[in-house]
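Only one structure is covered here, and it is reproduced in the block below.
The values are calculated or read from the model by the stated rules, or taken from the named source; none is laboratory data. A quick note: this is a predicted structure, and the numbers were derived from the prediction, not measured. Cβ placement follows ideal geometry from the backbone for every residue including glycine, while neighbour counts extend to all protein chains displayed. Surface areas here come from the heavy atoms of the whole protein model, side chains and all, with no ligands, DNA or RNA. Shrake-Rupley method; radii C 1.70, N 1.55, O 1.52, S 1.80 Å.
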Amino acid sequence: MPIEKIPEENAILFVWFNHYAGVVIKTPSKTLVIDPVDIRARSFPEADAVLITHEHYDHLDPRLVAEIQKATDCIIIADPASTQRLKHTIPPEKLQQIRPSEEIKVGEVSVKAEKCNHPAAEPITYIITSEDSVKVFHTADSLPYPELAMMGEKEKFDVVFCTVGIAPGASPEKGFEIARLTKPQVAVPYHTNSKDYQQQFAQMIKKELPRTACLIPELNKIYQVSKRK
Ligand SMILES: [Zn+2]
């Protein structure tokens, strides 16, 4: 599972590692692990930061986050509710709370929090911009919301992760709506254990968003996405 490859210039690598929002993103200089659950700490020996979107069990496992932190000395960036649950096990100088529209730099990599439309305490989504400006939008298990259209226009996302199942209200149609609003170069259907749902999402993209490519990820496989030309 550790990503030994390094992305080419103007590209990132990513791995989807559980049926939820568990994603590793590797830029040329940094490795970010998002919402690790259902996996071993030793899968991430190279983590520079762990990012948590909200406190639900399929996104936050405080014991696992503490194990990863201890093994790698990485920083932990989390929404307020998750920060509360982590503050007893993570050294204070390594734990950084984040709220929508705030930004934290991990070296040259930018991690910005945005709104998340999901029934949790103060959930967030993450816009990650690599040192060579590859833009990844990790939407946690958000449902679509109107501001996504403006964010898409402003940010010109290279990759957007779109929830197609398991969460309240989630479906291939709702996931497609996220892609339709954000118009990424590459849309990735995740947060599901249904290949059918992923295929339905892919069909909608093909029919209605000809300029967006759909990438159906397999678990634990490495994918590279380059910045759009
Ligand atoms: Zn979830």
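List of remarks:
- Check on Cys162, in contact (Cβ under 8 Å) with a residue 12 or more places away in the chain and more than 15 Å from His19 (Cα to Cα): no
- From the list Tyr20, Tyr57, the lone residue that is open to solvent by less than 50 Å² (accessible area, probe 1.4 Å) and part of a loop (DSSP other than H, G, I, E, B) is Tyr20.
- Identity of the residue in segment 165-190, at pLDDT 95 or above and assigned to a loop (DSSP other than H, G, I, E, B), that ends up nearest to the ligand (Cβ to nearest atom): Pro184
- Counting the residues of segment 129-158 that are more than 17 Å from His54 (Cβ to Cβ), β-branched (Val, Ile, Thr) and open to solvent by less than 10 Å² (accessible area, probe 1.4 Å) gives 2.
- Residue pairs whose Cβ atoms lie under 9 Å apart, separated by 6 or more positions or on different chains, with the first residue in segment 47-61 and near the ligand (Cβ under 10 Å from one of its atoms) and the second open to solvent by 50 Å² or more (accessible area, probe 1.4 Å) and not charged (D, E, K, R), are His54/Ala121; Asp58/His19; Asp58/Ile166.
- Residue in segment 183-199 that is open to solvent by less than 50 Å² (accessible area, probe 1.4 Å), farther than 16 Å from Trp16 by Cα and without any contact (Cβ under 8 Å) to a residue 40 or more places away in the chain present: no
- Screening Val37 with (1) within 16 Å of the ligand (Cβ to nearest atom); (2) in a strand (DSSP E or B) gives one miss only, at (2).
- Failed item, numbered, when Val15 is tested on (1) more than 16 Å from the ligand (Cβ to nearest atom); (2) under 21 Å from Pro91 (Cα atoms); (3) open to solvent by less than 10 Å² (accessible area, probe 1.4 Å): (2)
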